[in-house]
Structure formats: C-alpha cells, structure tokens
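Colleague: Attaching a single structure in structure tokens format; questions to follow.
The values are calculated or read from the model by the stated rules, or taken from the named source; none is laboratory data. Everything numeric here is computed off the predicted structure, so don't read it as measured data. Every residue, glycine as well, gets a Cβ built from its backbone with ideal geometry; the counts of neighbours run over all protein chains shown.
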Amino acid sequence: MFAKPARFTWLLLILVLAGVAYYGSTLNAEAIESQGHFGFLSLLPAVATLAICFATRNVVLALFTGVLFGGAITGKFNIINEFLVPSLGTEKYAQILLVYLWALGGLLGIWNRNGGARRFGEVISQRFVKSRRSALFFSWLMGILFHQGGTISTVLTGTSVKPISDRENVSHEELAYVVDSTASPVATIIPFNVWPIYVAGLITVDSLAPIVTDNESAIGWFLKAIPYNFYGWIAVLFTLLFAFDKLPFTGRAMRKAIKRAKETGALDGPGSQPMLAKELSESSLAPGYTPSLVDFIVPIVVLLCVSIIPWLVIGSPMVFEAFGLALVSAVLLSISRGMSVADAFEGLITGIKGVTIGAIVLGLAVTLGTVSESLGASQFVIQSTAAQIGQAPWLLPGLLMVVCMAVAFSIGSSWGTYAVIFPIALPLAYSISPDPTYFVLNFGAIMGGAVFGDQCSPISDTTILSSLACGSDLMDHVNTQLPMALMAATLAAILSTIIAIAIV
C-alpha cells in the first residue's frame, strides 16, 4: 500500500529511538512537571512523523514511529496501554469509526453500487460543466456551499464533484487541493457554522474579562476578526484563481500533475497509492439497476438537513446522526427502487473495506495527537517564543501565525491548536496593546495560521479525508498543495506585520 523503507532507514530509526530513550531517562521528572513539557523532545514525535512521511511516503509507518518516539521519551514503552488503548477508546476515535469508516465508506459503496454519484456527474457535466476549468470552478463553488469545514466540507464536496472532475480529466491532486482549500479556510471566513461558538468558549477567560464579557461578546470578536484572517481569504482566492488556471504560482509538483492529466488522461501519478481503494474507484453497478439522480441527491439532502437544521434551531449540528441517516436513506432508497437486499449490503460492505486504510491512518493520527499533548509540545513552542514577543510588539501577529502553523502542522488539528494558543496568546496581545484593531489582528493571525497547519499536515483529518474523498494519494496531495498554501501563508503574515507596524 505504501512505499517500503530501505534497510538503512530501519537501522537509523532503531538507533535514534535508543538514543532518545537513553536521553529521556536522564531527564528530571520534577523539572518536566513544573515547566509542562520535555523541551525540544516534546516536538520530536511530530517532527519524526512528518520527516518519515515525506521521506518514505509510508504514512502508517510514520505515525506509528511517532508514537514509539513518545514512548521512548516518556519511558512508557508499553505504548499499547499508554497511548493506543486510551486513544482508540476515546470519543473521537469512536466518531472516526462511525463517520469515516462505517457511514462514509458505506455511503460511497452504495453510490458505487447504485451508480448515483456517476449519474449526478453525468447530468451536471451535460448541463453545467463543459471543461476542466468549469469542473474545477464547480468544485470550488461546492466547497463554498458546504462551508461547515472539516468532515462535512471535505466529504460532501469531494464525493459530489469527483465523478464530474474525473470525466473532465482533472487530476486527483488538483481536485484534492480545491476540496481541502475550501474546507476549513472557508469555515473561518463564512461564520454560519460551529466555529464561532467553539472559539468563543476558548476566549471567555478571566484575563480577557475587560473586553470579552460573555459568550455573545466573544462571538462578536470572532466576527470582527474575519477581515483580518488573511490566510483564509487568500487561500480561498488562490483556489478560485487556480480553478480558472490564472494562479501564476502553482509549484513544480502540481504543474506535473496538471500536465500529466491533460496529456495522458492519468488522474494519478505513477506509483501513487490513492486513499480510495480500487473497490470504490471502479464502477460496480448492481445487475438490472437503473441509476437515478435521486440515488445521490436524497442522501445528500438528508445529510445536510439533519446536520444544519438542528444547528439553526438549537445551535448544535447533528453531524454523526446526519451521516448515519444519510447511509440508511441511501440503502432504503436503493432497495425500494429495485436493488436486491444482498446487492445493497454487498455495496455497503465493499465501501467500508474501501476506506479502511483511511480509518487506520486517522486512528493513528488521533493517537499521535494524544502523544504530543502528553509531551507538552504546544507549551514548549509558546514558551520558546514568548521572550521575543515583548521586545517587538509588531512581530506578534506574524509570530503567532508562524507558531500556529507549526503547532497545527505537527498535531494535525486547527481546533486543538486553538485550544492551546487562544487562552495564552490573546491575553498577551491585550496586555501589549488594548487597541481593538491590534487585538483582532492577532485573533485573525491565530485563526489563519492554525488553518494552514491543519490543511497541509499529512496527519490532519481534513487532509486525509480530502485525499480519501477525491481518490488521491495522500502524500501527492500534501506535496502538490503545500507550495500554494505556503505562498498564501507568507502573504498573510506579511500583511499582518505591515498593519501591526502601522498601529503599534
């Protein structure tokens, strides 16, 4: 499934692990407890994971090695009891099994069996999509429409547009970039989702009481910071320009993918291992079944209504119930339209098998997040940069953005980064200057930096799900989107710094 590491790689890993275990055993436990981290070793599991990801393209090996490093540093060598079992027994991993493996896999399998997704692609292609550009623009538009961020955006957009983009010879790397870059970035600038509520809970703290008086004022600050979330705006703009083939800088890897798709029709690169297994990438229409638009539209409508209507009414989306009911509606609809029960459940089981590797990767990513949290990785990054901040206040927005980029890229979570950074960084910004513009400038920098890291990290759920829903190789997706995302982040950091210089 993944590239095999060379024998030298194994030897090097064993030697490094042994060295880390020895060094970790010499650390002072009381000092570690008082400072809340293991020093530079706190970052080692995440750094090792990322390095192995890029060097070997073997994501499972990389994630498992990161967990091993965590055990070596802490001296907890029984990683099954210390990290794997606690992580795999969490609510988050239960959600992975429910949504990503059973519901999403089953839904993709049913659509493959009843031909609903392909029928949708055919109808849209005939009426609206006439070229590669219009296919990519339609993908961008769907990303804006499904602006909930994370799971909902990547899954709905990817599964909706993949048949259309495949028809127009859009490479899976291109599609995954558009889907990923219109997920979380859009969710931070179109606030009709749960993001403002989540962030508001993080910034309603005593140290911000003079300006953040209650939950409503916290949400108000989120809304005021939207214009200053430069990465979100630039990322979405870059994706639109990319869809119209007007983005001047795409990076060598993406240019090769575009050229390959145009000249040969190959949607994946040579040697790639798409996250979507062959069971779901090849048509398997049930004998005697006639595909219809309703096979695709009804489950999508059920998913959207069940997830969004409760959010509008009670302020909390029912995401997991939505995916489950969407799957049930797809199965019942197919059977009512003439598919045998055996064929329907064969499609469901085949779909679950087709996304198993994605669920394994996500599960290990959750475990690595637990490891990084136990080592105090975020605290180490913040404490290491705090001294420089007070010397030059105008550096704070750009520095916070870089810190959030690094933390989110290392742990694969924007929300996890927010949980650590917001309660520490915003009080610091307010103490430096009570100017509201300076406050929301730093607010926006945190929002954008964390989203960049989440979007680009190979251990992020949105990166993995974008690859899975679009049928792309995970590391191909990471390598092709990274240059464009880095350019957007660089421009965003420069803008934040310029404004900070002007107002501080």
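Conditions tested, residue by residue: (1) in a helix (DSSP H, G or I); (2) modelled with pLDDT under 80; (3) in contact with a Phe, Trp or Tyr (Cβ under 6 Å, 6 or more places away or on another chain); (4) among the hydrophobic types (A, V, I, L, M, F, W, C).
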| position | (1), (2), (3), (4) |
| --- | --- |
| Cys305 | yes, no, no, yes |
| Gly324 | yes, no, no, no |
| Ala330 | yes, no, no, yes |
| Ile335 | yes, no, no, yes |
| Met339 | no, no, yes, yes |
| Ala342 | yes, no, no, yes |
| Phe345 | yes, no, no, yes |
| Lys353 | yes, yes, no, no |
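Colleague: Please go through region 127-161 and give me each residue that is modelled with pLDDT of 75 or more, among the polar types (S, T, N, Q), part of a helix (DSSP H, G or I) and over 16 Å from Glu173 (Cβ atoms), ordered by number.
Modeller: Ser134, Thr159, Ser160
Colleague: I need a count of the residues in region 252-296 that are out of contact with any Phe, Trp or Tyr (no Cβ under 7 Å at 6 or more places or on another chain) and either modelled with pLDDT under 85 or of a type in the set (Val, Ile, Thr) (or both).
Modeller: 19
Colleague: Report, by residue number, each residue of region 118-141 that is within 18 Å of Thr182 (Cα to Cα) and either surrounded by 21 or more Cβ atoms within 10 Å (Cβ to Cβ) or touching a His at 6+ places or on another chain (Cβ under 9 Å) (or both).
Modeller: Hits for region 118-141 are Ala135, Leu136, Phe138, Ser139, Trp140.
Colleague: Continuing with this model, one more query. How many residues, within region 71-87, are surrounded by 19 or more Cβ atoms within 10 Å (Cβ to Cβ), of a type in the set (S, T, N, Q) and either more than 26 Å from the chain's Cα centre (by Cα) or not in a helix (DSSP H, G or I) (or both)?
Modeller: 1
Colleague: What pairs come out if I take residues in region 265-291 that are of a type in the set (D, E, K, R) and pair them with residues that are surrounded by 10 or more Cβ atoms within 10 Å (Cβ to Cβ) and at pLDDT 85 or above whose C-beta lies under 7 Å away, six or more apart or interchain?
Modeller: Asp268/His172; Asp268/Asp473
Colleague: Residues Asp476, Asp435, Asp454: which one is out of contact with any Pro (no Cβ under 8 Å at 6 or more places or on another chain), surrounded by fewer than 24 Cβ atoms within 10 Å (Cβ to Cβ), among the charged types (D, E, K, R) and at pLDDT below 95?
Modeller: Asp435
Colleague: State yes or no: is Thr182 free of Cβ contacts under 8 Å to residues at least 60 places away in the same chain, farther than 24 Å from Cys456 by Cα and of a type outside the set (Lys, Arg)?
Modeller: It is false that Thr182 is free of Cβ contacts under 8 Å to residues at least 60 places away in the same chain, farther than 24 Å from Cys456 by Cα and of a type outside the set (Lys, Arg).
Colleague: Looking only at region 50-63, which residues are buried (at least 19 other Cβ atoms within 10 Å of the Cβ) and either at pLDDT 80 or above or not in a loop (DSSP other than H, G, I, E, B) (or both)?
Modeller: Leu50, Ile52, Cys53, Val59, Leu61, Ala62, Leu63
Colleague: Only residues that are of a type in the set (Gly, Ala, Ser) and part of a helix (DSSP H, G or I): list them for region 423-461, please.
Modeller: Ala425, Ala429, Ser431, Gly444, Ala445, Gly448, Gly449, Ala450, Gly453
Colleague: Let me ask you something else. Determine whether region 211-226 contains at least one residue that is modelled with pLDDT of 90 or more and within 27 Å of Val302 (Cβ to Cβ).
Modeller: Within region 211-226, not a single residue is modelled with pLDDT of 90 or more and within 27 Å of Val302 (Cβ to Cβ).
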